[in-house]
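See below for the structure under consideration.
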Amino acid sequence: MKVPYLNGHISYRASGQGPAIVFIHGFLESARIWRAFAYKLSSRFRVIRVNLPGHGGSSVFQETHSMELMAAAVHTVLKKEGIDKAMIVGHSMGGYVSLAFAEQWPEMINGLVMFSTSSYADTKARKIERDKAMEDAEANKMKYVSSVIPHLFHERTGNKASKKIYKLVKLAGEQSTEGIVTAIKGMKQRKDRSDVLNKSKFPTLFLAGRHDLLIQAKKVEEMQKNTPGSSIHWLERSGHFGFIEQRKESMEVIRNFAIEKIL
């Protein structure tokens, strides 16, 4: 499915009936990562999987895809679907987008899953890393994604791990260089949105990999402590990609949270 947005379109997938759950993928990903989640949840929920600008089948709109622009794209999809309230699940960059959405349309959220993500802005050191990432992506996209993704898995050896890593590297390679760079620019300039969580009135679940090198455990605990009515579920055998590394457990945790909070 497609919906017009700015000078292009946003692609998305919708399935099932019931209270809405919106899945927002992370950087170098697409709505495809949530396919199994949609299959499991569509019997009881209306599942919306959005391809963010520059990812999946969605257009590239500007030189920088800010988190606000991406959040507005998600909002456009929900309006097209006639959805006034939804639980949002955001992985990594998708979590940044989720918080930008919550800042602008808090009344539309009845639950939030922060999946391996953060409310904090980039540090100076991280911004320097973003600049290097842009250079590397523009020089050789496949070399860039092949060097970045494997290190963010907890288990990196063995046939089973190799298959999981290959699958995600292949998906990342399908994203355009332009889309990758515009997203990096947007993440680099994003602001701290800890206050959005601190002032939130909707239930929040932090779903995190115990061995995530990007979103460290102490930061997750800090965010949870400062978010009223929130909880943490640790994926004990995962790094940054719990939706692959511990897919069944991730699906079950999200399903139970949705049943408890929005069904």
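The values are calculated or read from the model by the stated rules, or taken from the named source; none is laboratory data. Since the structure is predicted, the reported quantities are computational estimates derived from the model, not experimental observations. Here the Cβ positions follow ideal geometry from the backbone for every residue, glycine too, while neighbour counts run over all protein chains shown. In case anyone asks, the SASA skips ligands and DNA or RNA and just uses the protein heavy atoms, side chains included. Shrake-Rupley method; radii C 1.70, N 1.55, O 1.52, S 1.80 Å.
Show the residues, 5+ positions off or on another chain, whose built amide H is closer than 5 Å to the amide H of Ala20.
Arg46, Met87
Residue-wise, which Karplus ³J(HN,Hα) couplings in Hz belong to segment 24-41, taking 6.51 cos²θ - 1.76 cosθ + 1.60, θ = phi - 60°, and x for glycine or proline?
10, 6, x, 4, 6, 10, 8, 4, 4, 5, 9, 4, 5, 5, 5, 4, 6, 9
Return the carbon/sulfur percentage of the accessible area of the chain, one whole number, probe 1.4 Å, all protein chains in place.
Carbon-and-sulfur percentage of accessible area, whole number: 51.
Assign unit charges at the C-beta atoms only (+1 for Lys and Arg, -1 for Asp and Glu), then state the dipole size of segment 1-83 relative to its Cα centre in Debye, rounded to the nearest 20.
Rounded to the nearest 20 debye, it is 480 debye.
Which peptide among 72-79, 179-186 comes first, and what is the full order, when sorted by highest mean count of other Cβ atoms within 10 Å?
Order by mean packing, descending: 179-186, 72-79.
So, in Å, what gap is there between the alpha-carbon centers of segment 40-116 and segment 160-188?
19
Would you mind calculating the relative contact order of segment 204-263 from Cα pairs under 8 angstrom and at least 6 residues apart, reporting the percent as a whole number?
Across segment 204-263, relative contact order equals 37 percent.
Could you work out the relative contact order of segment 62-185? I mean the mean sequence separation of Cα pairs under 8 Å and 6+ apart, divided by the number of residues, in percent.
Here the relative contact order equals 26 percent.
Apply the Debye scattering formula to segment 79-144, with a single equal point scatterer on each alpha-carbon and no solvent, then give log10 I(q)/I(0) at q = 0.18, 0.28 Å⁻¹.
Ignoring solvent entirely, the Cα scatterers give -0.78, -1.16.
Run the numbers on the chain and let me know its relative contact order in percent, using alpha-carbon pairs under 8 Å that are six or more apart.
That works out to 20 percent.
What spacing in nm lies between the two simple spin-label points modelled at Lys85 and Ala217, each 7 Å away from Cα in the Cβ direction?
3.6
Could you pull out every residue, at least 5 positions away or on a different chain, whose amide H is within less than 5 Å of the one on His9? Hs are placed 1.01 Å off N in the peptide plane, and Pro or chain starts have none.
Amide H neighbours of His9, under 5 Å, 5+ apart: Ser59.
Taking only protein heavy atoms and a 1.4 Å probe, what accessible area per residue, in Å², does the chain have with all protein chains in place?
Value returned for the chain: 44 Å² of accessible area per residue.
What residue among Ile232, Asn140, Asn256 has its Cα farthest toward the positive end of the dipole of segment 139-263, where the charges are +1 on Lys, Arg and -1 on Asp, Glu, each on the Cβ?
Of Ile232, Asn140, Asn256, it is Asn140.
Got a sec? Charge dipole of the chain, +1 on Cβ for Lys and Arg, -1 for Asp and Glu; which of Phe115, Ala14, Ser42 is way out at the positive end?
Of the listed residues, the answer is Ser42.
Remind me, what semi-axes does the chain give for its equivalent ellipsoid, largest first in whole Å, using sqrt of 5 times each Cα gyration tensor eigenvalue?
24, 21, 19
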